[in-house]
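The structure appears right after this line, and notes come after that.
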Amino acid sequence: MGSLRNPVGPLPSSIYWRRRAVALSVVALLSLLAWWMFSLGGGGGDTRNQAGGGPDDEPGAASSITPGPSATESLDDSRPGGRDESGTGGSGGDDDTSGDGDGGSDGSDGSDGESGGSGGSGGEGASGDGKNGDAEPGASGGGDVDGLPVCAAGKVKLSLVAVRNTYAPDERPRLRLTVDNTGGSACRVGVGPEQAVVTVVDADDGTVWSSEHCAEPGDAAQLRVPGREKVDHTIEWDRRGSAPGCSGKSRAEAEPGTYLAEIAVPGLGTAQTSFVLAKD
């Protein structure tokens, strides 16, 4: 025990005491480091358990986000010369009446967006007044257009495509108009027969059918386009020709061949597409 208190050796005792102090410091430091690492490992495990929600939670569960229904159109009245319908919603059954525009009025009154019959016998191209279909309302909550500003040029882009490239003799061509609103707020676009004029021409550049030929006073339809969204509007042609003031006149069926369709919206420009009416 005396040698512990009074070191014995060739060197001064102060040097031995310094060596002992250094050795004790190293041992204390290593002990502290080992305790810290052990504490850190245990805390990480608790953190992981908390993040995992405990043993009773189901790991990896993620809450799903269901997007709201896309906005479609609100049609105020019938569109002569072609059947109009929303491009995103389902519609009701056909209304075999005289094609007096009831389909369009049903669309404006139906707030739940699930109703809306299409036109009657005129929609089948059999009426003699030159109107081949009434408007089909938007079927997924088109929304009210009252108070909305008219879509401005530069913020809205139009595109037109044929739903199919070729149509059999018993099929009616369907044209899909897409309105792309790049602005930040909702606006409205008139798509009635005189607001958005649809013209079908043949290979000889002769006009076969135009939506404004058979338009009647008051025929109108409005399309609500939310900000930074696209809305589709589908038009169906009954394959019959038209002429200015065609009300009450018979309309000849279009011949097989290639046709060009164009839609023109004042202030927003035009869009075109082509399709083929096949032979028997």
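Take the conditions assigned to a loop (DSSP other than H, G, I, E, B), more than 30 Å from T258 (Cβ to Cβ) and either under 16 Å from the mean Cα position of the chain (by Cα) or modelled with pLDDT under 95 (or both) and apply them to G183. Does it pass? Quick ask: steps written out before the conclusion?
Working: assigned to a loop (DSSP other than H, G, I, E, B): yes; more than 30 Å from T258 (Cβ to Cβ): yes; either under 16 Å from the mean Cα position of the chain (by Cα) or modelled with pLDDT under 95 (or both): yes.
Yes: the conditions hold for G183.
For segment 220-262, the candidate set comprises residues that are more than 15 Å from N181 (Cα to Cα) and in contact with a His (Cβ under 8 Å, 6 or more places away or on another chain); within that set, the residue that is modelled with the highest pLDDT is S242.
For every residue, the table says whether it meets (1) under 30 Å from E255 (Cβ atoms); (2) free of Cβ contacts under 8 Å to residues at least 12 places away in the same chain; (3) buried (at least 18 other Cβ atoms within 10 Å of the Cβ).
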site	(1), (2), (3)
D146	no, yes, no
V150	no, no, no
V161	yes, no, yes
Y167	yes, no, yes
E171	yes, yes, no
T178	yes, no, no
V189	no, no, yes
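Counting residues in segment 194-204 that are touching a Leu at 6+ places or on another chain (Cβ under 7 Å), part of a strand (DSSP E or B), modelled with pLDDT under 95 and not charged (D, E, K, R) gives zero.
The values are calculated or read from the model by the stated rules, or taken from the named source; none is laboratory data. Just so we're clear, the structure is a prediction, and the values are computed from it rather than from any experiment. Cβ atoms come from the backbone with ideal geometry, glycine included; neighbour counts cover every protein chain shown.
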